[in-house]
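Only the coordinates and a few stated rules stand behind these numbers; no lab work does. Note that this is a predicted model, so its numbers are computed, not measured. Reconstructed Cβ throughout: ideal geometry from the backbone, glycine too, with neighbour counts over all protein chains shown.
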């Protein structure tokens, strides 16, 4: 009897595992489908705005003039405001979507899929596809070379005001090098990370996006450059007491002068 009970329990466990796996795949498939639908709605609204105005949209409020709020009423603006979904705002599109298959219109930036390295994107021809973070970055870099909103005031070397060991080097090629001097005596090595960035000084306040390699997505900031001082705040929170301040380095960084 005991062996029969054990066998029954074993069979039950297998059946339960199969049901869970089946339901997980079902839920995952539904999530994938909904993500594709929402991204395609963003893409369609970009073309709709162009058809209405003759211009390509450049901000979230532009999309409010399309049918997007009606088709996706509860979440669309919230998702964009927190940048769970990101619109690239390309400017060099053709009116016919079929001619824009090379361009990414928007992508899903946060959530379990992104953390697992599955980045859903909507291409210019309104195709949706799941690609790797590396492929996403590669394609965004290509688009940035075609149309890159830059700010010459950002270019240069910046040292954190309250921690002289932290150095940012903003380059003209669209990359940022972050360097933090370690303390070898206690086993802390130097840290160096390279990011891709997008800067848009036409926004008020100016926007700065740091695009991480890997699955971390894009970090979104606002910034202000006043002569040799750089102030960085979080987006969409705005400037506040947690802002970071950097001073432009014209010679050797302070810690190298010691």
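Some observations on this one:
- Put in line by how crowded their Cβ is, counting other Cβ atoms within 10 Å and starting with the fewest, 130, 122 read 130, 122.
- Chain lengthening between residue 175 and residue 237 when straightened (0.36 nm per residue, less Cα-Cα): 19.9 nm
- Per-pair calculated FRET efficiency, R0 = 51 Å: residue 134 and residue 161 via Cβ, rounded to 0.05: 0.90
- Burial ordering of 176, 170, fewest other beta-carbon atoms within 10 Å first: 176, 170
- Mean Cα-pair separation over length for the stretch 152-256, i.e. relative contact order, pairs under 8 Å, 6 or more apart, %: 22 percent
- Computed FRET value (nearest 0.05) for residue 59 with residue 115, which takes r as the C-beta separation and R₀ as 25 Å: 0.35
- From least to most packed, judged by other beta carbons within 10 angstrom and beginning with the fewest, 138, 110 follow the order 138, 110.
- Förster radius 35 Å - calculated FRET efficiency between residue 70 and residue 93 (Cβ-Cβ, nearest 0.05): 0.90
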